[in-house]
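A.B. asks: Can you read through this structure? Questions will come right after.
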Amino acid sequence: MAYDIIDVKSARRALKALFRYFRKSNRGVANTCRILARQLNMQLLPHTDWRWQYVHQVIKGRLVASTKLRLAIFRLHEKIFDGPQPTLRRVSILAPIGFVPSRTLVMTRARTCALRTCQRSFVPSNPSQRFHSPACRQRSRQSKRSKRRHKYHTQLAFVLRSISSRRRIKNQKRLIVLNRSVNLDQHERSL
């Protein structure tokens, strides 16, 4: 199905069919809309956050579905009723000139960069690739290193504080014992 031309009426029809599919006899309208909204939210990346009230208003015809919601509706409708079909889309690949011939069909899933601040989509060159560039990998290593350093130093400070408090308590006990012995010596001398 072409996602470029998604009209509002067919999106509403598909949403009603999805609503009937998720509706159980003991489940109310609100709970069904919650489940449906959760399923629709997972259809797009980055995940969206449509509330059940919005989905309910679209089903009732009081609100018009946004373009993203219509896209998510059709994707979920295809998954449930038509079965899994490969979706093709045009992507640009960053590669050295001549490395990938033009009009090449890349048969792999695009991933998002594992660095939280980046989230860029890329096609991995090997199955274990997590970052889209060496710079992102380096930034991730630096942040992990600084977190480990911070954790180590906080643990070290805790240990040092506990050691110093133990020393302080030991010294106080020694002083008490010394004071008692000095007091006893003075008492014996006075006798």
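The values are calculated or read from the model by the stated rules, or taken from the named source; none is laboratory data. Since this is a predicted model, take the numbers as computed values, not measurements. Glycine gets a Cβ as well: all are built from the backbone with ideal geometry, and neighbour counts include every protein chain shown.
A.B. asks: Identify, by number, the condition in (1) among the hydroxyl-bearing types (Ser, Thr, Tyr); (2) at pLDDT 80 or above; (3) more than 20 Å from residue 94 (Cα to Cα) that residue 152 doesn't meet.
C.D. replies: Exception for residue 152: condition (2).
A.B. asks: Further question on the same structure: Taking the options 141, 109, name whichever one is basic (Lys, Arg), farther than 30 Å from residue 10 by Cβ and modelled with pLDDT of 75 or more.
C.D. replies: After ruling out the rest, the residue left standing is 141.
A.B. asks: Show me the helices (runs of 4 or more DSSP H) entirely contained within segment 1-65 in which 2 or more residues are under 15 Å from residue 75 (Cβ atoms).
C.D. replies: Correct list: 8-22, 29-41.
A.B. asks: Among the residues of segment 98-141, write down those that are assigned to a loop (DSSP other than H, G, I, E, B) and closer than 20 Å to residue 47 by Cβ.
C.D. replies: 109, 110, 113, 114, 115, 116, 117, 118, 119, 120, 130, 132
A.B. asks: Looking at the structure I just gave you, is residue 103 within 25 Å of residue 118 (Cα to Cα), at pLDDT below 75 and surrounded by fewer than 10 Cβ atoms within 10 Å (Cβ to Cβ)?
C.D. replies: Criteria not met by residue 103.
A.B. asks: Is it the case that residue 47 is closer than 30 Å to residue 24 by Cα, modelled with pLDDT under 80, loosely packed, with under 14 Cβ neighbours inside 10 Å and not polar (S, T, N, Q)?
C.D. replies: Judged against the criteria, residue 47 is a match.
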